[in-house]
Every structure is written in structure tokens, then in C-alpha cells.
Amino acid sequence: MQQWNTQLEKSFGGNTTLAVGYLGARGFHLQRAHLINNASPGPGAIGPRRPFKTLSFVDGTQLTPSSDPDAIIQSQTFPVSTINRLEDHGTELV
């Protein structure tokens with residue numbers, strides 16, 4: 001994020017001063033999020049209207065063992081709701 005400002009002042013006699021200033025800011029590579037699994041508007045349950053209802057691991061994915069020795073991975077496909085895609089190329093000029 002860059003910020004800058006400048007100001008000029010001019011005095012006219014003992015009781016009058018004119019001041020003119022400028023303030024600016026600009027951001028580069030700002031992070032922004034896109035909610036890519038929002039449901040389309042409509043009646044009924046939200047889940048069936050989402051674009052991505054489930055996600056699956058790629059074949060051969062090795063999952064980190066749980067701290068619980070009795071945990072068993074039952075499926076490599078699971079239901080999802082919110083998915084945020086983060087990008088770091090947003091820009092802003094104020």
C-alpha cells in the first residue's frame with residue numbers, strides 16, 4: 001500500500017490563509033476473496049443449488065494421520081458448503 005499527501009499554504013495578511021491539499025493512496029497485490037460455491041437464488045434448500053456439492057481427493061493422495069489412532073478414513077469424497085478462492089492481484093486507487 002502506498003500513501004502520499006501534499007499541501008500548500010499561502011498567507012494573505014494577518015487573518016487570512018489559503019490551504020490546498022491532496023491526499024492519495026494506492027494498493028498493489030491486495031488479497032481479495034471470491035465465494036465460488038454460493039448457491040443460486042431460489043426456493044428450497046441451499047445445498048442442492050450450489051455449483052460444487054462435493055470435493056474429492058486426487059487418487060494417490062496421502063492423508064496425514066490423525067492424532068486419534070482409532071480414526072479411519074471412510075471416504076475420499078466429502079460434502080462442501082462455502083469455498084473461498086483467494087487472489088493477490090487486486091489493486092485500488094483512492
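A few notes on this one:
- Residue match in segment 21-32 (condition: closer than 30 Å to residue 5 by Cβ, open to solvent by 60 Å² or more (accessible area, probe 1.4 Å), without any contact (Cβ under 8 Å) to a residue 60 or more places away in the chain and among the aliphatic types (A, V, I, L, M)): yes
- For segment 44-94, the candidate set comprises residues that are part of a loop (DSSP other than H, G, I, E, B), open to solvent by 100 Å² or more (accessible area, probe 1.4 Å) and not β-branched (Val, Ile, Thr); within that set, the residue that is farthest from residue 3 (Cα to Cα) is 70.
- Pick from segment 38-69, criterion over 10 Å from residue 81 (Cα atoms) and touching a helix residue (DSSP H, G or I) at 6+ places or on another chain (Cβ under 9 Å), ranking: modelled with the lowest pLDDT: 40
- Every residue from segment 5-16 that is open to solvent by 90 Å² or more (accessible area, probe 1.4 Å) and either part of a strand (DSSP E or B) or within 30 Å of residue 49 (Cα to Cα) (or both): 5, 7, 8, 9, 10, 12
The values are calculated or read from the model by the stated rules, or taken from the named source; none is laboratory data. Note that the coordinates shown come from a computational prediction; the quantities given were computed from them, not determined experimentally. All Cβ positions, even for glycine, are placed from backbone atoms using ideal geometry, and neighbour counts span all protein chains on display. Side chains are part of the model used for accessible areas, which takes the heavy atoms of the whole protein and leaves out ligands, DNA and RNA. Shrake-Rupley method; radii C 1.70, N 1.55, O 1.52, S 1.80 Å.
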